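Report on the following structure.
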Amino acid sequence: MSWQTVDRILKKKHWSLRKLSDKSGISYQTIRNYRYLRNEPTFKTMCKVADALGVSLDELRGDKDEVNTRR
């Protein structure tokens, strides 16, 4: 998961990590661990984050070009 992408989306939405935690159902401490300790989230967790942010998993991973080329 690309935290640079997550940070960009959070900034655009004017959301904090706390709000992402609330919207995704993932504990705030877990979100912080993923963000700052660079722990890798599980696939299920990445799905929850993507759903909360309203983006695809490809976008969350930073694969925006790949999404745009699929038709």
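The values are calculated or read from the model by the stated rules, or taken from the named source; none is laboratory data. What you see is a predicted model; the values in this text were computed from it and never measured. No Cβ is skipped: glycine too gets one built from the backbone with ideal geometry, and neighbour counts run over all protein chains shown. Ligands, DNA and RNA are excluded from the accessible area calculation, which covers all protein heavy atoms including side chains. Shrake-Rupley method; radii C 1.70, N 1.55, O 1.52, S 1.80 Å.
Here are some notes:
- Selection count where residues are surrounded by 13 or more Cβ atoms within 10 Å (Cβ to Cβ) and in a helix (DSSP H, G or I), scope the range 23-34: 8
- Pairing each residue of the range 1-13 that is part of a helix (DSSP H, G or I) with any residue that is at pLDDT 90 or above and open to solvent by 20 Å² or more (accessible area, probe 1.4 Å), provided the two are 6+ apart or on different chains, yields C-beta distances under 6 Å for Trp3/Arg35.
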